[in-house]
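Have a look at the structure below before the remarks.
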Amino acid sequence: RTRALCLIENKIDDLVHDATLGTKDFYASLRVWLEGYGRQVEKVIESLLARGFTVYLTSDHGHVEARGFGRPSEGLAVDTRGRRARIYSDRRAADNVQRSFSETILWSHDGLLPNGENAVWVLMPQGRSAFDTFNETVVTHGGPTLDEMVVPLLTITVEERDNG
């Protein structure tokens with residue numbers, strides 16, 4: 001008997017990344033997707049519940065609407081280029097970019113990030129800004145807001161009814 005089953009649907013993350021007009025764009029696209037595929041998702045959940053499974057719906061991260069405040073052009077000095085975080089293995093490179101983007105936070109050496117010869121420095125925009133085209137609205141993730149870090153978890157079970 002199958003004891004656990006993991007099904008992954010990446011469409012919502014794809015919709016987040018495709019939303020070029022902010023969260024209104026994302027929710028409009030989500031509504032259209034649910035109109036076309038929502039019933040299929042419901043049928044899968046109903047089928048699993050009928051077979052005695054407990055169904056968990058979750059995500060790997062949240063997302064946030066952010067406004068672009070420019071995109072650094074640091075060439076090879078950056079290890080990872082994200083809209084909400086840029087990762088550097090060279091402190092001087094991170095400091096140089098931070099001088100041009102003063103409304104950022106430089107995160108390092110806190111016991112969570114690698115230290116020593118594998119040390120990294122993470123440069124993140126403050127608030128709801130993004131390393132993107134100036135004034136462009138984007139829906140993205142990877143930053144320090146609760147909206148991006150809190151992982152939703154929904155548990156669906158069949159409730160036993162007492163007929164007495």
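Since every read-out is calculated from the coordinates, none of them should be taken as a lab result. Fair warning: this is a prediction, and the values are worked out from it, not measured in the lab.
Tell me the angle of helix 23-50 to the major Cα principal axis of the chain, expressed in degrees between 0 and 90 and rounded to the nearest ten.
40 degrees
Given an 8 Å cut-off on Cα distances and at least 6 residues of separation, report the relative contact order of the range 65-146 as a percent.
Details: 153 pairs, mean separation 38.6, N = 82.
Relative CO of the range 65-146 lands at 47 percent.
Candidates [x] 149; [y] 187; [z] 211; which is the computed volume of the Cα convex hull per residue in Å³?
Looking at volume of the Cα convex hull per residue in Å³ for this model, the match is [y].
Helix 91-100 sits at what angle to the longest principal axis of the chain, using alpha carbons and giving 0 to 90 degrees rounded to 10?
90 degrees
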